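Asker: The following block contains the structure, expressed as structure tokens.
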Amino acid sequence: MIKVTDLHKSFGELAVLKGIDFQADTGEVIVIIGPSGMGKSTFLRCINYIERPEKGIIEIDNVKVDAEKCTEKEIKQLRLKTSMVFQNYNIFKNKTVIENVMLPMTSVQKIEKEIAKEKALQYLDQVGLLDKINEYPSRLSGGQQQRVGIARAMAANPEVILFDEPTSALDPELVGEVLNVMKQFAKQGVTMIVVTHEMQFAREVASQVIFMADGVVVEKGTPEEIFDHPKEEATRKFLKRILKEES
């Protein structure tokens, strides 16, 4: 279970998150949609303290961090509960595919190298990259690099995986292969929070859709409630514009 209470984050004078409340149960897929530049990615980065919020409480299972009075030890414990998949892959260019996936296990979890390799092969099998284990990222397509990133996130054995617009840097023909891997993990009950502009993915996979704008949660509900019966005018305007762009 993950719970966020009254989360605030500013950059100088600019308030980006203005009191976000959020909750997800184990195994849920939460999809966050909304206009660009409205705090969605910052929200994800605050959950695992890549960005440090000024105020708010984040709870993941038995770890609770209060931004106004937390210790570095608590932040480290929180980070161990999450893994993040970034827009631009963020995998190590000087390491092979299998070395990238083994890294969280050998460096953080201190798993024996041979055991880590065996587990890494299992994750790479799940993302369809067993034939690329000895390749370097420069020899992979964008979609393949992102699938390595997902396998590496899974290898960290997190309670929740955070996806920050995982298909936005991909050519259109490569988007499907990454979304298919994410759908596969969703079926396995992996808890995921996904910031995306892929509305069809949100409709098909999400257990809950959150519409964010101007640093606040404007509306949340099931995919049917948000896409077919939105209550707020801002939600309706956003969906009308983005669905028109997709058609």
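Asker: Could you grab the pairs with beta carbons closer than 7 Å, sequence gap of 6+ or different chains, first residue in segment 224-235 and within 12 Å of Ala206 (Cα to Cα), second one open to solvent by 50 Å² or more (accessible area, probe 1.4 Å)?
Answerer: The qualifying pairs are Phe227/Arg203.
Asker: From the residues in segment 201-236 that are small (Gly, Ala, Ser) and part of a helix (DSSP H, G or I), which one is farthest from Leu179 (Cα to Cα)?
Answerer: Per the stated criteria, the residue is Ala234.
Asker: Anything in segment 21-47 that is open to solvent by 50 Å² or more (accessible area, probe 1.4 Å), closer than 13 Å to Ile58 by Cα and not in a helix (DSSP H, G or I)? List them, or say none.
Answerer: Asp21, Gln23
Asker: From the set of residues in segment 87-106 that are modelled with pLDDT of 90 or more and open to solvent by 30 Å² or more (accessible area, probe 1.4 Å), which is nearest to Met192 (Cα to Cα)?
Answerer: Leu103
Asker: Same structure, new question: Name the residue, out of Lys69, Lys76, Lys64, Lys18, that is open to solvent by 40 Å² or more (accessible area, probe 1.4 Å), farther than 20 Å from Glu159 by Cβ and free of Cβ contacts under 8 Å to residues at least 60 places away in the same chain.
Answerer: Going through Lys69, Lys76, Lys64, Lys18 in turn, just one is open to solvent by 40 Å² or more (accessible area, probe 1.4 Å), farther than 20 Å from Glu159 by Cβ and free of Cβ contacts under 8 Å to residues at least 60 places away in the same chain: Lys69.
Asker: Follow-up. Is segment 186-193 home to any residue that is within 17 Å of the chain's Cα centre (by Cα), among the hydrophobic types (A, V, I, L, M, F, W, C) and part of a strand (DSSP E or B)?
Answerer: yes
Asker: A follow-up question, please. Among Val97, Val175, Val190, which is farther than 30 Å from Ser36 by Cβ and not charged (D, E, K, R)?
Answerer: The unique qualifying residue is Val97.
Asker: Residue by residue through segment 129-171, note down the ones that are open to solvent by 20 Å² or more (accessible area, probe 1.4 Å), in contact with a helix residue (DSSP H, G or I) (Cβ under 7 Å, 6 or more places away or on another chain), within 21 Å of Gln188 (Cβ to Cβ) and not in a helix (DSSP H, G or I).
Answerer: Matches in segment 129-171: Ala156 only.
Asker: Looking at the structure I just gave you, is Ala120 touching a residue at least 60 places away in the same chain (Cβ under 8 Å) and either at negative phi or in a helix (DSSP H, G or I) (or both)?
Answerer: Here the answer is no, as Ala120 does not meet what is asked.
Asker: Among the candidates Glu204, Glu219, single out the residue that is at pLDDT below 95 and closer than 24 Å to Lys244 by Cα.
Answerer: Glu204
Asker: Can you name the residue in segment 204-225 that is closer than 23 Å to Gln184 by Cα and aliphatic (A, V, I, L, M) and, of all such residues, is most open to solvent (accessible area, probe 1.4 Å)?
Answerer: Val205
The values are calculated or read from the model by the stated rules, or taken from the named source; none is laboratory data. Model, not experiment: these values are computed from the prediction. Note that we place each Cβ from the backbone using ideal geometry, even for glycine, and neighbour counts take in every protein chain shown. To get the accessible areas, we keep the full protein, side chains included, count just its heavy atoms, and leave off ligands, DNA and RNA. Shrake-Rupley method; radii C 1.70, N 1.55, O 1.52, S 1.80 Å.
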